[in-house]
Amino acid sequence: MRDTLFSDATGAGLYCQPPDSRAAVEQAALRQHLSLLPGDISACSSIQEALARLGSALNFPDYYGSNLDALFDCLTDPDWCGSSGQILLLTGCDRLQQKAPGDFARLLEVLDATAEERRGSSQPLWVLIDTPVPGIAPLSDA
């Protein structure tokens, strides 16, 4: 993995994270002063469960509505984002992808749109998922 990973905000986006790259991602995040946000949805078989789990894991405000619009709103809220960029490590995606493939696809669309929205800002967002998905580049290609 390149030493410059996460150094260019224009590369922020949605990527598949190879399972063996977690340590390298954590080191690169430290070098670039990015916050790591864990989002484990392995126990979730519905989008509602996944959104509730993400809201809790990411410590969203009480007004978070556990829906896709609210996820986008919270992830793009400058007050929530803090002063630097972030890396959302979304793990345990297999179950949701298998149980609710359409909902999983919509979740990825929202996460991709969120990363796109923040790409040009001083608070970029990288979303790394642990499940290979056609059309989503692996992090090693970033």
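Any read-out appearing in this document is the output of simple, stated calculations on the displayed coordinates, not a laboratory observation. Predicted model, so just to flag it, every value in this text is computed and none were measured. All Cβ positions, glycine included, derive from the backbone under ideal geometry; neighbour counts span all protein chains shown.
Taking amide hydrogens as placed 1.01 Å from N in the peptide plane, the amide H of Leu14 sits under 5 Å from those of Val127, each at least 5 positions away in sequence or on another chain.
Charges were assigned to the Cβ only: +1 to each Lys and Arg, -1 to each Asp and Glu. The resulting dipole of the chain about its Cα centre is roughly 240 debye. Net charge in the neighbourhood of Asp103 (other residues with Cβ under 11 Å of its Cβ; Lys, Arg +1, Asp, Glu -1) is 0.
Working note: 222 nm ellipticity from helices only, DSSP H runs with n ≥ 4, each -39,500 (n - 2.57), summed and divided by the residues of the chain, gives -12000 deg cm²/dmol to the nearest 500.
The phi-based Karplus calculation (6.51 cos²θ - 1.76 cosθ + 1.60; θ = phi - 60°) puts the 3J(HN,Hα) values of the stretch 107-114 at 4, 5, 4, 5, 5, 5, 4, 5 Hz, whole numbers, x for Gly and Pro. Plainly put, the stretch 57-123 has a radius of gyration that is 0.97 times its Kirkwood radius, both from alpha-carbon atoms, as the Rg/Rh ratio. Taking the three principal axes of the alpha carbon atoms in the stretch 9-134, the coordinate ranges are 37, 36, 22 Å, sorted in descending order.
Hydrodynamic radius of the stretch 1-40 by the Kirkwood approach over all distinct alpha-carbon pairs: 10.9 Å.
With the charge dipole of the chain set up from +1 on Lys and Arg Cβ and -1 on Asp and Glu Cβ about the Cα centre, the Cα lying farthest toward the positive end among the listed residues Leu51, Gln17, His33 is that of Gln17.
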